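None of the figures in this text is laboratory data; all of them are computed from the coordinates on show. All figures in this text were calculated on a predicted structure; none of them were measured in a lab. Cβ coordinates were reconstructed from backbone atoms using ideal geometry, including for glycine residues, and neighbour counts include every protein chain displayed.
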Amino acid sequence: MEVVNISRRSGYESKKRIIDAAIKVFSQYGYSGATMRMIAKEAGISVGGVYLYFKNKEELFLFLMQEKTKDLETRIASIFEEKRNVKDTLEKYVKIAVEYASENKELILLHGRELGFTFGMEIKKGFFEKQKKLLKNLIEAGISSGDFAKCNSEEVAKLIMHIIRGYVLSVVVDPENLIDPDECVKIIFNGLLKVKGDSSPSLCSSSE
């Protein structure tokens, strides 16, 4: 039993070294310029050792996408575990999603320019569906608590997801003119129109 545990731990550590090396090599040389041999050398593992875990470069990059998605999901989940009000939770959610895209700018650029946004679509679709459900539930909780105005929670959740996806796209299309996360949050809460006689911010106008 102990041998199995050591083997699993060793396998996990090797895989992590490969992923860390892949991020560095892909970021430096791009997808087309990177090779499994280069990744193996960076990881300090034999080429054969890399192929034990990944049959080719495409599979490795897809796994990398999954790991990055899981990491973001973990960060987002931590927000909901904290004792915050719904407004603070939504504000933190948007900021984390935008900041995460900024942190992984090189990989997003590589993905968009060399592989196209349809690459790994199933991974992305699954992630966005889960996040839309989280946001929908959060908005409904805010409506119930009286913090948010009555609105179509699903449509607002989709709108917020589109804003975040638009930010990711802008990393590729216009990386020099990225939006400010704080301004993004302000617009989501306040909108553009000033409501006469009402100084309190709202997520959207009343549906009544």
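Computed as a quarter of the hull surface, the mean projected area of the alpha carbon convex hull for segment 58-208 stands at 9.7 nm². Using only Cα atoms, tell me the angle between helix 2-33 and the longest principal axis of the chain; keep it within 0 to 90° and round to the nearest 10. Its long axis makes an angle of about 80 degrees. Here the simple spin-label model places points 7 Å from the Cα toward Cβ, and for Asp180 and Glu73 these points are separated by 3.4 nm. Neighbour counting of Cβ atoms within 10 Å sorts the residues Asp20, Asp174, fewest neighbours leading, into Asp174, Asp20. Taking GluC sites (Glu not before Pro) across segment 93-177, the ones in a DSSP loop with at most 15 further Cβ atoms lying within 10 angstrom of their Cβ are Glu176. The distance linking segment 36-109 with segment 135-164 is 26 Å (Cα centroid to Cα centroid, whole angstrom).
A Förster distance of 41 Å, applied to the separation of the beta-carbon atoms of Glu106 and Ala141, puts the FRET efficiency at 0.70.
For the pair Tyr51 and His162 in one chain, pulling the backbone fully straight at 0.36 nm per residue adds 36.2 nm over the alpha carbon distance.
Structural descriptor for the chain: relative contact order 19 percent, calculated from alpha carbon pairs under 8 angstrom and at least 6 residues apart.
Cut-off is 10 Å between beta-carbons; in what order do Ser153, Ser14 appear when sorted fewest neighbours first?
Fewest-to-most Cβ neighbours within 10 Å comes out as Ser14, Ser153.
In this structure, the pairs whose alpha-carbon distance is over 18 Å, taken from Lys124/Lys186; Lys16/Lys132; Lys24/Lys68, are Lys124/Lys186; Lys16/Lys132. The residues Leu109, Leu135, Leu60, when put in order of fewest to most other Cβ atoms within 10 Å, stand as Leu109, Leu60, Leu135.
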